[in-house]
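J.: After the structure tokens below, expect a handful of questions from me.
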Amino acid sequence: MSTSLAERLVGAWVLESYEADDPDGTVRTPFGPDATGLLVYGADGRMTVQVMDPRRPPWERRAVTPDGDRLRLTAQPLEVAGRTTIPRLPWRRAPPQSCATTSKWRSSASAK
């Protein structure tokens, strides 16, 4: 009996490289030659991925602003496609039960 694609994907996967092909055939490494990352597929069908550029400076303590159940992260300037941006990521703590299923998380995340 063969296993399904979903069953074969379950587990943690470590990034070997991050490459981007330009239309002219040039292969770039946007996160550098030593990009790191982790991809995890769960048996329940969920997945998460993290990709990092080790050349990027670490987050500065002042860039993390906790306020009760809210958190604001402000990153150093980031260059994407020739434009410099300053990423700001506001977060709010998810109730423990919201992590039980994707549909519960979506409904609680959309209720502000």
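Rule-based calculations on the coordinates, nothing more; no lab input. Quantities reported herein were computed from a predicted structural model and do not represent experimental measurements. All Cβ positions, even for glycine, are placed from backbone atoms using ideal geometry, and neighbour counts span all protein chains on display.
J.: Below 8 Å between Cα atoms, with a sequence gap of 6+, how large is the relative contact order for the range 1-55 in percent?
T.: This gives 34 percent for the range 1-55.
J.: Which of rounded, prolate or oblate describes the range 24-99 when judged by the alpha-carbon gyration tensor and an a/c cut-off of 1.5?
T.: Oblate is the answer for the range 24-99, as a/c is 1.5 or above yet b/c matches or exceeds a/b.
J.: Please give me, ordered by residue number, the trypsin sites (Lys or Arg not before Pro) of the range 1-75 that lie in loop per DSSP and have at most 16 other Cβ atoms within 10 Å.
T.: Taking the range 1-75 and a limit of 16 other Cβ atoms within 10 Å, the loop trypsin sites (Lys or Arg not before Pro) found are Arg46, Arg55.
J.: If you don't mind, there's one more thing I want to ask. Regarding the range 1-55, what are the three Cα extents along the principal axes, ordered largest first, in Å?
T.: 43, 25, 15
J.: Hand me the GluC sites (Glu not before Pro) from the range 1-73 located in a DSSP loop with no more than 12 other Cβ atoms within 10 Å, in residue order please.
T.: Values: sites: Glu7, Glu16, Glu19, Glu60; in loops: Glu16, Glu19, Glu60.
Of the GluC sites (Glu not before Pro), the ones in loops of the range 1-73 whose Cβ has at most 12 other Cβ atoms within 10 Å are Glu16, Glu19, Glu60.
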